[in-house]
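Structure first, commentary second.
The values are calculated or read from the model by the stated rules, or taken from the named source; none is laboratory data. This one's a predicted model, so the numbers in the text were calculated from it and none came from an experiment. Glycine also receives a Cβ, built like all others from the backbone with ideal geometry; neighbour counts cover every protein chain displayed. With ligands, DNA and RNA removed, areas are computed over all heavy atoms of the protein, side chains included. Shrake-Rupley method; radii C 1.70, N 1.55, O 1.52, S 1.80 Å.
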Amino acid sequence: MNWLDRILGKKSPTQSSDQGAPSDHSNPVAADSAQEDEVPDFQPDPEMQRQLEQGCDARAAVLSRLGALDTDVLAPLMNPTFMGGPKWPSLRQSWRVVRRPASTILVSDGLSDPFEDEGIPLGFRVEVCAEAPELFETPHHSWLFDMVFQVSQLIANHGKVDELLQKYKTLSTVVSVGSVPAHFQNEKGQVGVIIGFPTDALPSGFDLEHGRVRLLVIKLLLPSELAYIESADDLEAGRNSLVAMLQGSPDAHLSSVTRAAVI
């Protein structure tokens, strides 16, 4: 089964949806304490470096308006790319933490970096995020981080999610998140998610000089909700119907491991 099938919500009994993403995220820690990966010496392109810094500043500005943005970024001790995982645009992989009074937001930080080798701005043109109504003392050890990490890698491996979202309102798939409660998982330890969940509670993206970067909200699904999508004759119609039901629920865009299913 190809990535297009999996990301649109189809499933295979013999193949996992997070192929290409390592199952272990290598114990991400604050970047200030992470060891640097050994890479060959090179001279970065000044224009690409300027675009990278501009993107980092723009993301931080948007996130700072949502709550208290942790100063440190989360980054693996060993870059997952060097362990067989997908390559991010500028190679670096990191995530940011936003703390609100009653919730935590985890956000990818680098999917929209420029492709430095190719000289292409905006990378994959998206970043992903999820908000949970929980306060995590160590977010990098949370199920929320596991979910955002896996979806980040899925998007990097697919490479064309922004193009799919120009055709479909939302996307659905399964990812391996073993740290969520068992009743959210299928027999393979996977959970269903909607990518690009529409909400006014979080910004839809941010603008850079070369275009707009979309901020895709991830919504954790219960098995019955994923089954509702997969059983529909028209997957897109099934997703849209489920999204409408979820938007009318108390949790709406929030990913909660204590909520009841809407179906």
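The table that follows gives values for the structure above.
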read-out: Within segment 85-125, tally of residues that are acidic (Asp, Glu), more than 15 Å from the chain's Cα centre (by Cα) and open to solvent by less than 30 Å² (accessible area, probe 1.4 Å); value: 0
read-out: Residue list for segment 93-123, filter: under 22 Å from Ser142 (Cβ atoms), of a type outside the set (A, V, I, L, M, F, W, C) and either assigned to a loop (DSSP other than H, G, I, E, B) or touching a strand residue (DSSP E or B) at 6+ places or on another chain (Cβ under 7 Å) (or both); value: Gln93, Ser94, Arg96, Arg99, Pro101, Ser103, Thr104, Ser108, Asp109, Gly110
read-out: Residue, farthest from Ala182 (Cα to Cα), within segment 252-262, restricted to residues that are surrounded by 15 or more Cβ atoms within 10 Å (Cβ to Cβ) and not small (Gly, Ala, Ser); value: His253
read-out: Residues that are touching a residue at least 60 places away in the same chain (Cβ under 8 Å) and either farther than 21 Å from Asp113 by Cβ or assigned to a loop (DSSP other than H, G, I, E, B) (or both), drawn from segment 202-217; value: Leu202, Pro203, Glu209, His210
read-out: Residue that is farthest from Val107 (Cα to Cα) [pool: residues in segment 188-201 that are in contact (Cβ under 8 Å) with a residue 24 or more places away in the chain and in a loop (DSSP other than H, G, I, E, B)]; value: Lys188
read-out: Pairs, first in contact (Cβ under 8 Å) with a residue 40 or more places away in the chain and within 18 Å of Ile229 (Cβ to Cβ) in segment 248-263, second assigned to a loop (DSSP other than H, G, I, E, B) and of a type in the set (S, T, N, Q), C-beta under 6 Å, six or more apart; value: His253/Thr199
read-out: Residues within segment 63-84 that are touching a strand residue (DSSP E or B) at 6+ places or on another chain (Cβ under 7 Å) and open to solvent by 20 Å² or more (accessible area, probe 1.4 Å), tallied; value: 8
read-out: Within segment 213-251, tally of residues that are exposed (fewer than 15 other Cβ atoms within 10 Å of the Cβ) and within 18 Å of the chain's Cα centre (by Cα); value: 0
read-out: Selected residue (only one of Val177, Val148, Val97 is under 21 Å from Asp200 (Cα atoms) and touching a helix residue (DSSP H, G or I) at 6+ places or on another chain (Cβ under 9 Å)); value: Val97
read-out: Only one of Asp41, Asp24, Asp45 that is modelled with pLDDT of 50 or more, of a type outside the set (Lys, Arg), under 30 Å from Pro133 (Cβ atoms) and open to solvent by 60 Å² or more (accessible area, probe 1.4 Å); value: Asp24
read-out: Unmet requirement for Gly211, which otherwise passes all of (1) at pLDDT 95 or above; (2) under 30 Å from Gln54 (Cβ atoms); value: (1)
read-out: Cβ pairs under 7 Å, 6+ apart, first in segment 158-187 and in a helix (DSSP H, G or I) and open to solvent by 20 Å² or more (accessible area, probe 1.4 Å), second modelled with pLDDT of 95 or more and not basic (Lys, Arg); value: Asp162/Phe124; Asp162/Val126; Leu164/Leu171
read-out: Residues of segment 138-152 that turn out to be open to solvent by 10 Å² or more (accessible area, probe 1.4 Å), within 15 Å of Gly178 (Cβ to Cβ) and either touching a Phe, Trp or Tyr at 6+ places or on another chain (Cβ under 6 Å) or in a loop (DSSP other than H, G, I, E, B) (or both), as a count; value: 0
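Per-residue answers, yes or no, for (1) basic (Lys, Arg); (2) touching an Asp or Glu at 6+ places or on another chain (Cβ under 7 Å):
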site: Met48; (1), (2): no, yes
site: Asn79; (1), (2): no, yes
site: Ser90; (1), (2): no, yes
site: Arg96; (1), (2): yes, yes
site: Pro114; (1), (2): no, no
site: Pro121; (1), (2): no, no
